[in-house]
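Undergrad: One structure, pasted below without further comment.
The values are calculated or read from the model by the stated rules, or taken from the named source; none is laboratory data. These numbers were taken from a predicted model, which means no experiment stands behind them. Using ideal geometry, Cβ is built from the backbone for each residue, glycine included, and neighbour counts are taken over all protein chains shown. These area figures cover heavy atoms from the full protein model, side chains too; ligands, DNA and RNA do not enter into them. Shrake-Rupley method; radii C 1.70, N 1.55, O 1.52, S 1.80 Å.
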Number of protein chains: 2
Amino acid sequence: MINTPYLLFLGDAPDALAAKVAQGVKDWRPELCVGQLRLPGCRADMGLDDLTVEEAVERGARTVVIGVANRGGVISKAWKVSLTEALKVGLDLASGLHNLLRDEEDLVAIAAQNHRALHDVRVPSVDYPIANGVRRSGKRLLAVGTDCSVGKMYTGLCLEKEMRARGMDADFRSTGQTGILITGNGIPLDAVVADFMAGAVEWLTPDADPDHWDIIEGQGSLFHASFSGVTLALIHGGQPDALILSHEPTRTHMRGLPDYALPSLERLRDTALPLAHVVSPDAVVTGISINTAALGEDEAQRLCEDVEKRMGLPTVDPFRHGAGRLVDPLA
Amino acid sequence: MINTPYLLFLGDAPDALAAKVAQGVKDWRPELCVGQLRLPGCRADMGLDDLTVEEAVERGARTVVIGVANRGGVISKAWKVSLTEALKVGLDLASGLHNLLRDEEDLVAIAAQNHRALHDVRVPSVDYPIANGVRRSGKRLLAVGTDCSVGKMYTGLCLEKEMRARGMDADFRSTGQTGILITGNGIPLDAVVADFMAGAVEWLTPDADPDHWDIIEGQGSLFHASFSGVTLALIHGGQPDALILSHEPTRTHMRGLPDYALPSLERLRDTALPLAHVVSPDAVVTGISINTAALGEDEAQRLCEDVEKRMGLPTVDPFRHGAGRLVDPLA
């Protein structure tokens, strides 16, 4: 577990996209964010107070979350100055970067001197079991996408928020770096060794009360040649009772794979559902989540209506329109 | 690459099954096996000459292959005596055990003193790329199973043997420990980190001559809750032109999953082929391989005929009857 609240480190982010981890934490756990720390040249802004590490400590911060991608695969000297100061004033560090904090000798030494923790959420910290496929109590939902990065995490977080607002017992279960930094725990599934992927998902979503919902963060896509195996491990480890189909309508090809077209929502449904039935014979698709961030209001509304009519399932952009109609069939 | 030829170490194997790695090497690369080394109490026998490590060296051996599973998760003192002697007389060691040779300090020290190599084939030795899905030249075949351990590796090795006997250009591509010890190279796919599984398979089966066949060793099953993600990564990384369906007809439930029935061959076909089409639009199922080891001759023959009639595809036990009829559609 990562200590909260957070100071969000935006570094010298060249644009808003580079700080999407910070954006995720800010969007979903604003109550945990005491402020932001920006270096000269930073072009991202979470709309939080700009704080020094000392000011952040005064406001109760416990951990600096590195909310920005680094350039060139190195943790720069400019970053090191800030991160070192943070450790010295009593803050832990948490990072989802490929470069691990634990591999930076200077940070390790200063953290040890100051009794601070370095959290590398990209690296599994648990020896996960091999999946046993035994049916578990409680209910589980998983979003599966036509592609990677189409809004599965935001869909899950919207569902958790709406369910909790209705008094339902629901937990978002993080399976990626950003999700883990948002919720403070989870599994970095794409860094788990192949044999243990499904077992890690079983471990993440254990037996629960009959009315409890685990909202499992989706990863990859069954149609993405690079990462489909991760997606199938999520389906078979997750034993979903409900599937949500997720789609981004302006994508012209699969992310990172220019030769690959996106599948239709029908093809996604007809592929994912029989695979879910292997572990969860009564699984059903209960709704469709469209990421309309790139569309205007009217266009977004019309698209959702068209898809709903075509597919016969509640269809919304849950971040834009609320997740209510996706939760209705689950209540 | 592991130096050949081999001395097969059977240790104190309690039965033949415990020495199945040695059996695989003996069955498929008998010309690489100069003899076997057995300790008191060994109940496995490859039918090779029993040799001391010195005698093995005289016959040209370069590597001791640990062809037996160890008990209790430790490398015993009795084993250590033999393995130490082997290093001292100039032999390398190769192992697919979960316990790594490199974690045994005494073996590491003696290997270093004698300039010998310790090969732990369970551990990836390459930083595999993320799959890019780009269509590659050459042809690829993959066996997909109704379950794990139904004979996919033997099917692939039978196909390679038959293709080579016909003068076809074919290579068996190992994706598991036993396969790697048989062929001397490959990828330990179940030990690869999730994000890189499909990329490892692409790396293993690169661009090749138009008439070249890579026979990719299958792993797991799309219907096995523990390992299905590995299987889908094989399909999407492997870009198969041809799929062979593999089945073991006496299995009463999925291996290690007592609550799970095996899928029918029809269901396997209808699940695997559309997933293969994502990366390989012209992929076809070209035959069926039945592991009839547990059946009598007449029963085996009758079953293959029945399945062939039902499925409309060449159906044989390639280890028992030869792989000719599976190769015919590929020639």
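Undergrad: Tell me, which residues of region B:276-319 get at least 20 Å² less accessible area when the other protein chains come in, versus the chain alone (1.4 Å probe)?
TA: B:V278, B:V279
Undergrad: With the crude spin-label approximation of a point 7 Å out along Cα→Cβ, what separation in nm comes out for B:A208 versus A:R59?
TA: According to this spin-label approximation, the distance is 6.0 nm.
Undergrad: Looking at region A:236-272, which residues lose a minimum of 40 Å² of accessible area between their chain alone and all protein chains in place, measuring with a 1.4 Å probe and not counting ligands or nucleic acids?
TA: Residues shielded by partner chains are A:H236, A:Y260.
Undergrad: Under a Cβ-Cβ cut-off of 12 Å, what is the net charge of the residues other than B:A323 that fall near it, where Lys and Arg count +1 and Asp and Glu count -1?
TA: +1
Undergrad: Another question, then. Using DSSP, restrict attention to beta bridges with both residues in the protein assembly as shown and report what percent are antiparallel, rounded to the nearest 5.
TA: 5 percent
Undergrad: Continuing with the same structure: Give, ordered by residue number, each residue of region B:184-221 whose 1.4 Å probe accessible area is reduced by a minimum of 30 Å² on adding the remaining protein chains to the chain alone.
TA: Listed by number, the residues meeting the 30 Å² cut-off are B:D190, B:V193, B:A194, B:D195, B:M197.
Undergrad: When each copy gets a label point 7 Å from Cα toward the beta-carbon at B:A117, what are the spacings between them in nm, shortest first?
TA: Computed spacing set for this position: 4.3 nm.
Undergrad: Checking the a/c ratio against 1.5 first, then a/b against b/c, what shape does the Cα gyration tensor give for the protein assembly as shown?
TA: oblate
Undergrad: For the pair A and B, how large is the buried accessible area, both sides, in square angstrom to the nearest 100, if the probe is 1.4 Å?
TA: So the buried area, both faces added, is about 2700 Å².
Undergrad: Starting from the Cα of A:A69, step 7 Å along the direction of its Cβ; do the same at A:R267; then give the gap between the two resulting points in nm.
TA: 2.6 nm
Undergrad: Probe radius 1.4 Å, ligands and nucleic acids ignored: give me the carbon and sulfur share of the accessible area of chain B as a rounded percent.
TA: Exposed carbon and sulfur together represent 50 percent of the surface.
Undergrad: Here's another thing I want to ask about it. Can you compute the FRET efficiency between A:D169 and A:E105 using 1/(1 + (r/R0)^6), with r the Cβ-Cβ distance and R0 = 60 Å? Round to the nearest 0.05.
TA: 0.85
Undergrad: Give me the distance in nm between label points sitting 7 Å out from Cα along the Cα-to-Cβ direction at A:E299 and B:A16, one decimal.
TA: 6.9 nm
Undergrad: Which entries of A:K88/A:K152; B:K26/B:K309; A:K20/A:K161 show an alpha-carbon separation above 28 angstrom in the structure shown?
TA: Checking Cα-Cα distances, A:K88/A:K152; B:K26/B:K309 exceed 28 Å.
Undergrad: Here is a follow-up. Solvent-accessible area per residue for the protein assembly as shown at a 1.4 Å probe radius, Å²?
TA: Here the per-residue accessible area is 40 Å².
Undergrad: Determine the gain in length on full extension of the stretch A:H277-A:N114; use 0.36 nm per residue of separation and subtract their C-alpha separation, reporting nm with one decimal.
TA: 53.6 nm
Undergrad: Sort the following peptides by mean Cβ neighbour count (other Cβ atoms within 10 Å, averaged over residues), highest first: A:81-88, A:101-108, A:263-270, B:150-157.
TA: Descending packing order for the listed peptides: B:150-157, A:81-88, A:263-270, A:101-108.
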